[in-house]
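The block underneath contains the structure these notes are about, expressed in structure tokens.
No lab work stands behind these numbers, since they all come straight from the coordinates. Just so you know, these numbers come straight off a predicted model, no measurement behind them. Every residue, glycine as well, gets a Cβ built from its backbone with ideal geometry; the counts of neighbours run over all protein chains shown.
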Ligand code: HEC
């Protein structure tokens, strides 16, 4: 192999290495998804007890706080508008606690999640509409 051929081979090798490195470093960013700025997926406007709040409590709390099951919930019933309206702040506080807290609700369960908590907070701030 003469020297010129050797130099050409080295140049070809270095060039293909550089292309390879460039391809890899751009690949690295291809799968990163843009951060979502959409906060509208949790609807909190015009909350009503019947349409928005009661279904949350029915799914998450009726096991202990319906009229039939209230024995398991310390006699506290959360299946009617007046009861829930008067306990609104207490409900909001308890579902917002860390689940390691003795007062956390749902008792012994896992968090109802930020969207449902936000809906309860919005409902109270909007005047606890029926
Ligand atoms: C496994 C049963 C159980 C479940 C499920 C449960 N609770 Fe309770 N809850 C209790 C018991 C027992 C008490 C009474 C003891 C206490 O105050 O911690 C109570 C008390 C409460 C109180 C206190 C009322 C007051 O007088 O201030 C609120 C508010 C409450 N629960 C809300 C909820 C909400 C909201 C959910 C659903 C997200 C829920 N609970 C789910 C058992 C439960």
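Things to note:
- Per-residue Cβ neighbour counts within 10 Å put 54, 8 in the sequence 8, 54, beginning with the fewest.
- Efficiency of FRET between residue 102 and residue 48 - r from beta-carbon atoms, R0 25 angstrom, step 0.05: 0.20
- When the P(r) of region 49-125 is calculated, the portion above 14 Å amounts to 58% of the C-alpha pairs.
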